[in-house]
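Input: a single structure, listed below in structure tokens.
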Amino acid sequence: MQSERRLKKDLFGEVTIRSGGNSPVIVRDAGKARWWIRPLSRHLLRREATALAALEGTHGVPQLVDIERDFLIRSYLAGEPMQEARPSDLAWFNAAARLLRQLHSAGVVHNDLAKEPNLLVLNDGSPAIIDFQLAAHRTRRGRLFRIAAYEDIRHLLKHKRTYCADRLTQRERNILAKPSPFSRLWMATVKPIYLFVTRRILGWADREGAGDRGAQQ
């Protein structure tokens, strides 16, 4: 007998965890998005499906189970989001860096690793990366891809600075000190507007969604 529990509902639709089969799965439903944003929500479903398909078989990312017009189904990963697990072990950050290199080698940039809930400590202690709605998959890794990959690395290092600062290498400190030109432009122009809209108007925060991203993965 199948059961379904809502984990999250926002403008972009609803996320539920479905159990009762061989193993639980996560269902993202774009059909329940607000009507005026539903086309964007469907587009984000397709982006996530494309990225997950490129990462098939990779340990530490959800596996794509099914994709339809309004639904994306992916595997469940059991673990805690970073802000709850608070990893302070150098080995975890080294493993997370290796996982990120696997993503980039497969032509995938995540584009949303600034959010702590998008990184998990799985029950076996290994890292996981989740929520690929904003990810991009490229078969040719041009300049824009390399910039996005560099920013993925910088965001992971920011988390390492938060939880494991004494283990940062000099090279890592140099990377943290040198954001890409795109990042500097974003911080100066787009981010203030983004924060106003998401936090003041929509009531979001970067750490929100932990129930979705932690329990679900």
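Points to keep in mind about this one:
- Of all residues making up the range 123-132, the number that are more than 20 Å from Ile73 (Cβ to Cβ) and in contact (Cβ under 8 Å) with a residue 24 or more places away in the chain: 4
- Of all residues in the range 68-77, those that are within 15 Å of the chain's Cα centre (by Cα) and part of a loop (DSSP other than H, G, I, E, B) total 2.
- Selection count, the range 179-191, where residues are surrounded by 14 or more Cβ atoms within 10 Å (Cβ to Cβ) and either modelled with pLDDT of 90 or more or of a type in the set (S, T, N, Q) (or both): 2
Residue-wise test of (1) surrounded by 20 or more Cβ atoms within 10 Å (Cβ to Cβ); (2) in contact (Cβ under 8 Å) with a residue 60 or more places away in the chain; (3) hydroxyl-bearing (Ser, Thr, Tyr); (4) part of a loop (DSSP other than H, G, I, E, B).
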position	(1), (2), (3), (4)
Ser23	no, no, yes, yes
Glu56	no, no, no, yes
Asp66	no, no, no, no
Ala97	no, no, no, no
Gln102	no, no, no, no
Leu113	yes, no, no, yes
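- Qualifying residue in the range 33-42 (condition: assigned to a strand (DSSP E or B) and more than 30 Å from Ile153 (Cβ to Cβ)): no
- Condition check for Val15: under 19 Å from Leu113 (Cα atoms), of a type in the set (Val, Ile, Thr) and crowded, with 19+ Cβ neighbours inside 10 Å: no
- Residue satisfying all of: in the range 118-145; outside any loop (DSSP other than H, G, I, E, B) and over 18 Å from the mean Cα position of the chain (by Cα); surrounded by the most Cβ atoms within 10 Å (Cβ to Cβ) among these: Leu144
- Among residues that are of a type in the set (Lys, Arg) and under 18 Å from Asp66 (Cβ atoms), Lys32 is included.
- Among the residues of this structure, Ile17 counts as one that is over 16 Å from the mean Cα position of the chain (by Cα), aliphatic (A, V, I, L, M) and either assigned to a loop (DSSP other than H, G, I, E, B) or farther than 24 Å from Thr139 by Cα (or both).
- Scope the range 39-54; condition in contact (Cβ under 8 Å) with a residue 12 or more places away in the chain and not hydrophobic (A, V, I, L, M, F, W, C); matching residues: Ser41, Arg42, Arg46, Arg47, Glu48, Thr50
- Test: residue in the range 41-60 that is at pLDDT 95 or above and at positive phi: yes
- In the range 151-178, the residues that are under 19 Å from the mean Cα position of the chain (by Cα) and either assigned to a loop (DSSP other than H, G, I, E, B) or at pLDDT below 95 (or both): Glu151
- Failed criterion for Glu4 (all others in (1) in a strand (DSSP E or B); (2) surrounded by 18 or more Cβ atoms within 10 Å (Cβ to Cβ); (3) touching a Ser or Thr at 6+ places or on another chain (Cβ under 6 Å) hold): (2)
The values are calculated or read from the model by the stated rules, or taken from the named source; none is laboratory data. The structure presented is a predicted model; accordingly, all values stated were derived computationally and were not measured. FYI the Cβ positions are ideal-geometry reconstructions off the backbone, even for glycines, and counts take in every protein chain you see.
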